[in-house]
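Single-structure report; data block below.
Any read-out appearing in this document is the output of simple, stated calculations on the displayed coordinates, not a laboratory observation. Just so it is clear, the model here is predicted, and its values are computed rather than measured. Note that each Cβ is placed from the backbone with ideal geometry, even for glycine, and that neighbours are counted across all protein chains shown.
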Amino acid sequence: MSALRILVPVKRVIDYAVKPRVNKAQTGVETAGVKHSMNPFDELSVEESVRIREKKSAPVEDICVISAGPPKAQDVLRTAMAMGADRGVHVEVKDGEELEPLAVAKMLRAAVDKEKSNLVILGKQSIDDDAAQTGQMLAGLLGWAQATQASAVKFEGDTVLVTKEVDGGAETVKAKLPMVITTDLRLNEPRYASLPNIMKAKKKPLVKMSLSDLGVANERRLKVVKVTEPAPRQGGGKVEDVDGLISKLKELGAI
Amino acid sequence: MATLGFWGVSPAAVGRMETLGKLPVEDMNELHLDLSVPLTVGTSLLDSIANRASAAPASTTITMSSIARALRPALRRSQTVMTRASAPSPRCQRICRPFNAPQQARCLSATPRRFSDMTEIPPTPISHLSETEAAMQEAVSKFANDVILPKVRDMDEAESMDPALVEQLFEQGLMGVEIPEEYGGAGMNFTAAIVGIEELARVDPSVSVMVDVHNTLVNTAILKWGSTDLKKRFLPALATNTVGSFCLSEPVSGSDAFALATKATKTADGYKISGSKMWITNSMEANFFIVFANLDPSKGYKGITAFIVEKDAKGFSIAKKEKKLGIKASSTCVLNFDDVEIPKDNLLGKEGEGYKYAIGLLNEGRIGIAAQMTGLALGAWENAVKYVWNDRKQFGQLVGEFQGMQHQIAQSYVEISAARALLYNAARKKEAGQDFVRDAAMAKLYSSQVAQRVSGLAIEWMGGMGFVREGLAEKYWRDSKIGAIYEGTSNIQLNTIAKLLQKEYTV
C-alpha cells in the first residue's frame, strides 16, 4: 500500500465545559469572551492519526491538519501540531461568518485534491451545531468509501477495518483506501500537548489561505430562524412504592 | 520549603557578617542590589556601594526625561503630582523617581535582558500573555484538572506525592520549562513557568510548589551558574526524570540564612560536606540536591559555596519527614550530611560565591511563590463561588445572591486581581532585565496575604461544606499558610520593601 497522507479537519468551538448562552437577538449563541478549544471529536481524530504513525499500523508520510475559521482558529491548529500533526492549513473565514456542512465538505474536497490526501479522519460531529454531516458529504463528493463513528481502526494490508458501536454490539466494516473515517468518543484518549511539543509546534509550517484559493464560495442554503434555550426542566415527583406509582398513573389517567 | 525563611537577613545577621566578613555592609538589601556591580566591574562591594550612592542622582536625572514618554497615562499623572509637590528642590528629583522607572541593576536575573530600550514598546495590559504562555496556560490547566484534581484529596490525606504523577509531570515537560530544547527541556520563558505554577496551584498548591522549586530554584541555578560540563551532566535528567531540591535552611539558619553551619572542606579530589539541613522541599522525591555549605568560615558569609550532591552519595541521609499543616503532599525533610564526599566537578559556580547565587535565586523564587499563592486564591475562590452561585439555597434563593455574600465575593476577586497584577508585573520586569527585587517582595507578600484571606472567607461562604474534608475548601486554607513563611517570611518581605523604599527616599 502507498504511504498514508492523512488530512485531519479540526474546528475551533466553544469549550465543552462552558455553558453556552443564547444571544439577545436569538440568532445564535454568545461567542465573544467565551473560552474556545478544539472540538473534542477532532482531538480524537488527531490522536488516532498520530497513533497510526507511532504504532506503525501503516506507513504515514504526512499528517496535515486543516481548519476554517477566524484568526484564532490557528490556536487549535497549533494544538494539533503540538499533539503530533506535521503541518497546518488555515482557511481564513471572517469572525462570525459560519460555514454550513456542505460548504465545509466542498472545501475539504478541494483540500484533499491539493494535498493529495488518501485518508481523511474527522470528528463525527462538532459540538457547536451538532450537524454530523460533513464526513458523509465529503465521502459522497469524493466518491470514496466511508466508515463513520469509529471506535477502532485497524489496518490489514491495503484494507482498513473500522469498528462502530451499534445498539447491542459492534459493527465492523472493511474498506480500501482512499477513504473517509469519522471518529467517535471511545476511539482513544487524546494526549495532552507536552511543553516541549508546544514549542516544537511553533516551528511547524502553517499555511494561510482563503476559501477562494480553494475555489469554494461560502454559499448559504440554510437560514437560522430563531435560537432559544431549552425550556427549564420540570421537576418530577417521587413515589414511595409500586402501589404509589400505580395510583399516581391512574390519577393522571395514564392507565 | 527549600528556603524557609530566606533571604532578608535580620539585623543581627548583618552584624555578624560585618564582623566575620570585615565588611561594613549597611544591610543585606544594599548588598544584594549591588551584587551585579562587583560581578561585572570587579570592584569591591564597598566601592560599588559608594559609586552607586554618588552616581545615583545623575543617572536618575537622565532616566527622568527619557522615561517620561513611555509612562502610561495613569502613571504619568501620578508622576506629575509627585514632581509638582517636590519641584522646588533639585535634590528631590532622586526621591521623586516615577515608581515604574526601569532601574538599571541586573539583580542576578537568570534570563538574559530582552530589551535594552523599552521606550518604543507599546504598553499592553498586564494580563496579556504571549502565544506560548497562553498555550502553556491551556495545556497545564487541562492537565491539572483532568489528571491532578482526582488525586488531590488522597495525596493530602496520605501526606505523599503520587510517584506516577511526578512521572507525568516530567512527561508533560513541566519540570524543564526553562531548560533549553538542546538539553531536553521546553525552552520556554520565565513567565511561562510562572503561568504553569499558577495553573497548578489552582488545583493543588503541593504539586505547584514541587514544580516551582524544581524549576525556579534548581534548574535556574544550573542554567545560570553551572559549567557546560555540569549542564550536560544534569540538565537532561532534571528535564526528564530527576527531581531537584534546594538545600539552604538549617536548624540554626532560617531568615538568618547566612548563619548556616554546614561545613565543606577540600579533599584531595573534591570536597567533603558535613552538617544538616532542615525544611527541605522535595527531598523525598529528589535525587539531586543543591547544597549550600561554608567552605571557609573565617570569611563569614563569603565562604558559602554551592555544591551538587546526588542521593546515592555515601553519608547522605534523610533524617526525618515533617508532618505539616498544609501542602502535605509536598515532602519536607531534615537531611543529614555525614562527611559526604563529592567530586570536585560537583562544585556549582565558584567557591565562596554561594551567597550570591542564593540571593539571586530566591529573589526570582519569590515570584514563583507569589504565583503559587495567586493560583491558590483563585482556586479557592472559584471552588466556593461555583457552590454558592449554583447549588446552595437558603431562604428560597442561592446564598451567593445575598448582597452580604456578593460584596465579599467581589472584594475577594478584586484582591486576587491586584495580587496577580503585582505578580505579572514582577515577572515581566525580571524578563525585561529590570530591577525586580521590590516587586517580587511585594507580589509575594501581598499574594500570600490575599491567598490566606480569600481561602478563609471561601470556607465561610460554603458553610459546613467548606469545613469538611470532602471538598477542597479547607485544604486551600491550610495550604495558604505556608505562603507567609517560606522563601522569606512576610516580615522579611516588609523589611526588604521598606529598606529599598527608604534608600530611595533618603536625601
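Each part reduced to its alpha carbon centroid, the range B:126-156 and the range B:283-319 end up 33 Å apart. Peptides B:179-187, B:241-249, A:191-199, ordered by how many other C-beta atoms sit within 10 Å of their residues on average, highest first, read B:241-249, A:191-199, B:179-187.
Averaged over the residues of A:78-88, the number of partner chain Cβ atoms lying within 10 Å of the residue Cβ comes to 1. The GluC sites (Glu not before Pro) of the range B:418-507 meeting both criteria, a DSSP state outside H, G, I, E and B (loop) and at most 15 other C-beta atoms within 10 angstrom of the site's C-beta, are B:Glu470. Does the range B:327-377 come out rounded, prolate or oblate by the C-alpha gyration tensor, with a ≥ b ≥ c the root eigenvalues, rounded set by a/c under 1.5 and, if not, prolate when a/b is larger than b/c and oblate if not? Oblate is the answer for the range B:327-377, as a/c is 1.5 or above yet b/c matches or exceeds a/b. Longer than 25 Å from Cα to Cα, which of A:Lys154/B:Lys142; A:Lys72/A:Lys203; B:Lys266/B:Lys299 are they? Say none if no pair is. Going by Cα-Cα distance, A:Lys154/B:Lys142 fall outside the 25 Å limit.
Hydrodynamic radius of the range B:403-472 by the Kirkwood approach over all distinct alpha-carbon pairs: 13.5 Å. Per residue of B:179-190, other chain Cβ atoms within 10 Å of the residue Cβ number 2 on average.
Could you compute Rg(Cα) / (2.2 N^0.38 Å) for the range A:4-252, with N its residue count?
That works out to 1.16 for the range A:4-252.
Working note: Cα atoms of the range B:203-268, range along each principal axis, descending, whole Å: 39, 33, 18.
Considered as an equivalent ellipsoid built on the Cα gyration tensor, the range B:287-343 has semi-axes of 25, 16, 10 Å, the largest given first. Here the Karplus relation 6.51 cos²θ - 1.76 cosθ + 1.60, evaluated at θ = phi - 60°, turns the backbone of the range B:353-361 into coupling constants of 10, x, 5, 5, 4, 4, 4, x, 5 Hz, with x for every Gly and Pro. Rounded is the label for the range B:215-370, because a/c, from the alpha-carbon gyration tensor with a ≥ b ≥ c as root eigenvalues, stays below 1.5. Peptides B:443-454, A:119-130 ranked from most to least packed by the mean count of surrounding Cβ atoms within 10 Å: B:443-454, A:119-130. When peptides B:432-438, B:375-381, A:207-213 are sorted by average Cβ neighbour count within 10 Å, with the highest value leading, the order is B:375-381, B:432-438, A:207-213.
Along the range B:467-475 the Karplus relation, 6.51 cos²θ - 1.76 cosθ + 1.60 evaluated at θ = phi - 60°, assigns HN-Hα couplings of 8, 7, 8, 6, x, 10, 4, 5, 5 Hz to successive residues, with x for each Gly and Pro. Take each residue in B:135-145, count the other chain C-beta atoms within 10 Å of its C-beta, and the mean is 4. With a/c under 1.5 counting as rounded, go ahead and sort the range B:151-290 into rounded, prolate or oblate using the C-alpha gyration tensor (a ≥ b ≥ c being the square roots of the eigenvalues; past the cut-off, prolate if a/b is larger than b/c, else oblate). Verdict is oblate for the range B:151-290.
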